[in-house]
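See below for the structure under consideration.
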Ligand SMILES: Nc1ncnc2c1ncn2[C@@H]1O[C@H](COP(=O)(O)OP(=O)(O)OP(=O)(O)O)[C@@H](O)[C@H]1O
């Protein structure tokens, strides 16, 4: 099977490694390979949908590390594989090739307590439940005592200035309020890794900026790593690390390179790109 686009940038083993960028006192970015502190780690991960002439490689040979408290933005055109990579990192998809591990989560991204928190493009709230009940629900489903779930949900809603909306139903909320309720739900569950897929794409500029701010504030509050797939430069500019993605491939870059990436329309063009293959690469 061949891809239309050849690999970019490689390491001795042929795979680009995407390390966490770590700020240092002198302002320079260092890299870290602390495998034991990795919240999530991909080694040569691929995901192919379909087979034969219809096969599409959504993610090809991705090697990357998300460390504790990282702030990563995956930026790329529509169809470049950002959502698929997030789903792989969440353990919602199984790789067709390579391996994903979650060393700092005891190897289990979704078992037991809420180790991975998800924020999607459209707020995912249960329409028949109040705001408070929506925030409590995931904790109750994982056997958190009712009193504790209620306390944590109320505290999360307070922190996000949503305490006045506790009894409201999702249909009564604006888009920005609903997305903040989803973030409150993540905050209350205290995951180690937050994965957000275009969390601000349906919001106006002011609301998007506020939601982005809140998402980062919440990640700081609970010491979680944050990975956001986005076209939104306002979010990208606030992250430690940028992972440009194109045709299913991750390209190494850090925030220092982001200014250059912003002028490269190939990284932010929203036109769809697909990468058809002649077979399965696994
Ligand atoms: N379940 C699926 N079955 C078949 N093809 C899929 C599936 N999910 C994704 N794809 C294909 O994989 C490629 C990557 O899709 P993905 O949604 O990951 O890209 P993306 O960068 O998140 O796009 P967008 O920014 O539009 O959300 C696309 O060509 C898409 O059509």
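The values are calculated or read from the model by the stated rules, or taken from the named source; none is laboratory data. The structure presented is a predicted model; accordingly, all values stated were derived computationally and were not measured. So basically every Cβ, Gly included, is an ideal-geometry build from the backbone, and we count neighbours across all protein chains shown.
Is it the case that segment 145-160 has a residue that's touching a strand residue (DSSP E or B) at 6+ places or on another chain (Cβ under 6 Å), touching a residue at least 60 places away in the same chain (Cβ under 8 Å), over 22 Å from residue 231 (Cα atoms) and surrounded by 15 or more Cβ atoms within 10 Å (Cβ to Cβ)? Before the answer, list the steps.
Of all residues in segment 145-160, those touching a strand residue (DSSP E or B) at 6+ places or on another chain (Cβ under 6 Å) come to none.
No - not one qualifying residue is present in segment 145-160.
Where the second residue is modelled with pLDDT of 85 or more and part of a loop (DSSP other than H, G, I, E, B) and the first is within 20 Å of residue 87 (Cβ to Cβ) and lies in segment 111-132, which pairs have Cβ atoms under 6 Å and are six or more apart or on separate chains?
Listed pairs, sorted by first residue: 114/191; 115/191; 115/192; 116/191; 117/191; 119/199; 121/198.
Read through the list (1) touching a strand residue (DSSP E or B) at 6+ places or on another chain (Cβ under 9 Å); (2) at pLDDT 85 or above, then give the number of the only condition that residue 268 fails.
Going through the list (1) touching a strand residue (DSSP E or B) at 6+ places or on another chain (Cβ under 9 Å); (2) at pLDDT 85 or above, residue 268 breaks only (2).
What number of residues within segment 51-98 satisfy the criterion of being buried (at least 24 other Cβ atoms within 10 Å of the Cβ), away from the ligand (no atom under 12 Å from the Cβ) and part of a loop (DSSP other than H, G, I, E, B)?
1
For segment 177-203, name all the residues that are surrounded by fewer than 19 Cβ atoms within 10 Å (Cβ to Cβ) and away from the ligand (no atom under 16 Å from the Cβ).
Correct list: 190 only.
Can you tell me which condition residue 206 does not meet? The list is (1) surrounded by fewer than 22 Cβ atoms within 10 Å (Cβ to Cβ); (2) touching a strand residue (DSSP E or B) at 6+ places or on another chain (Cβ under 8 Å), and all the others hold.
(2)
Determine whether residue 50 is in contact with a strand residue (DSSP E or B) (Cβ under 7 Å, 6 or more places away or on another chain) and modelled with pLDDT of 95 or more.
no
I'm checking my understanding of the structure. Among residues of segment 125-155 that are modelled with pLDDT of 85 or more and part of a loop (DSSP other than H, G, I, E, B), which one is farthest from the ligand (Cβ to nearest atom)?
Among them, the one singled out is 145.
If you check residue 211 against the conditions, is it crowded, with 22+ Cβ neighbours inside 10 Å, modelled with pLDDT of 50 or more, over 19 Å from residue 66 (Cβ atoms) and away from the ligand (no atom under 12 Å from the Cβ)?
Yes, satisfied.
Could you please tell me which pairs satisfy a Cβ distance under 6 Å, a separation of 6+ or placement on different chains, a first residue in segment 77-97 that is within 15 Å of residue 230 (Cβ to Cβ), and a second residue that is assigned to a helix (DSSP H, G or I) and within 12 Å of the ligand (Cβ to nearest atom)?
Filtered contacts from segment 77-97: no entries.
Closer than 18 Å to residue 232 by Cβ, more than 16 Å from the ligand (Cβ to nearest atom) and under 15 Å from the mean Cα position of the chain (by Cα), is that true of residue 115?
For residue 115, the condition - closer than 18 Å to residue 232 by Cβ, more than 16 Å from the ligand (Cβ to nearest atom) and under 15 Å from the mean Cα position of the chain (by Cα) - is not met.
Quick check: anything in segment 189-198 on the phi > 0 side of the Ramachandran plot, within 15 Å of the chain's Cα centre (by Cα) and in contact (Cβ under 8 Å) with a residue 12 or more places away in the chain?
Yes: one or more hits.
Is at least one residue of segment 228-235 in contact with a strand residue (DSSP E or B) (Cβ under 9 Å, 6 or more places away or on another chain), at pLDDT 50 or above, in a helix (DSSP H, G or I) and away from the ligand (no atom under 12 Å from the Cβ)?
yes
Any residue that is closer than 30 Å to residue 41 by Cβ and part of a helix (DSSP H, G or I) - is there at least one of those in segment 157-177?
For segment 157-177, residues closer than 30 Å to residue 41 by Cβ and part of a helix (DSSP H, G or I): absent.
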